[in-house]
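Q: My structure is below; once you've seen it, I'll send some questions.
Bear in mind these aren't lab numbers, they're just calculated from the coordinates by the rules spelled out. Note that the structure is a prediction, hence the values are computed from the model and not measured. Using ideal geometry, Cβ is built from the backbone for each residue, glycine included, and neighbour counts are taken over all protein chains shown.
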Amino acid sequence: MPPFPDADADADPDNPLHRGIDTSLPEPDDVPAGGRRGSGDIETRIYQSVYEGVMNQRLAPGTRLPEAVLSKLFKVSRANVRKALQQLAHDHIVALRPNQSAVVATPTPEETRAIFEARQALEAAIVRLAARRVTAGDIAALRAQLAEEHAAMHRYDQPAWARLASSFHLKIAELAHNPVLAGYLAELVSRCSLIVALYEPPGNASCEHDEHGQIVDCLERGDAEGAVALMQAHLATLERNICLDRSDEEHSLARMLGLR
């Protein structure tokens, strides 16, 4: 892959990239569940920071990721940056553009529908496995997760709420004890974070806390089919909250003004 020429404007210190990523070193276990990363600690640092910026909705779709800026922020070579960007592109988090800076990916409406369709099928399989394998300790951990969600919701901490809501789905995937399914879900969840950042109207919760609680209740009872039905209804609600028609300026403005 050839290097991407970076315009001088991309080095602007006011670039949102400076505010969207964390250049600190991640903890060894602080790695997204997908597990696919660039080789070496340097590439992992860059991948992790961009990934978390997207998952926490600090990096919006379309945000430029110029090699020169990332190289300076992380104090690494552009070759290291390029490897991390290529891995991010492989995982559909970043889009590589010939002769331009890479950008955070912008899912299309068609991709959005396909991703939610895939999540419906994948999470049904995951929930069935989790219901068979969940332990009392696992339920306690999920309840603790729900308490964190509740606290974030009531202090109006939207980034934390979004992160915890996504993490809830990944934690259930861990309980299925199938790392292949968990890896596929991690990719879909990260792509859904992009979708929410791009299409969800302001004020909507990306995940409903009460629905998560009902799913945990079913898992605790060992009610696999009940948990599957709740998860599918939950994902359908998430998809309905996504506004794919962004062409109608009047309707968009009305939503932002709270008139619809």
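Q: Determine by what factor the alpha-carbon radius of gyration of the stretch 34-155 differs from 2.2 N^0.38 Å, reporting the quotient.
A: For the stretch 34-155, the normalised Cα radius of gyration is 1.32.
Q: Just order 229-242, 54-67, 120-133 by mean Cβ neighbour count inside 10 Å, highest at the front, would you?
A: On the way: 229-242: 17.2, 54-67: 21.1, 120-133: 18.7.
So the peptides 229-242, 54-67, 120-133, ranked by packing, come out 54-67, 120-133, 229-242.
Q: Based on the alpha-carbon set only, what is the convex hull volume of the stretch 88-238 divided per residue, in Å³? Kindly include the intermediate steps, with their values, before the conclusion.
A: Details: hull volume 16.6 nm³, N = 151.
Convex hull of Cα atoms, per residue: 110 Å³.
Q: With r as the distance between the Cβ atoms of E174 and A147 and R0 = 25 Å, compute the FRET efficiency 1/(1 + (r/R0)^6) and round to 0.05. Could you put the intermediate results ahead of the total?
A: Details: r = 18 Å, r/R0 = 0.73.
E between A147 and E174, to the nearest 0.05, is 0.85.
Q: Expected output is a single nm value to one decimal: the length gained when fully extending between D41 and Y156, i.e. 0.36 nm times separation in residues minus the C-alpha distance. What is it? Working shown, then result.
A: Details: separation 115, 0.36 × 115 = 41.40 nm, distance 3.46 nm.
Result: 37.9 nm gained on full extension.
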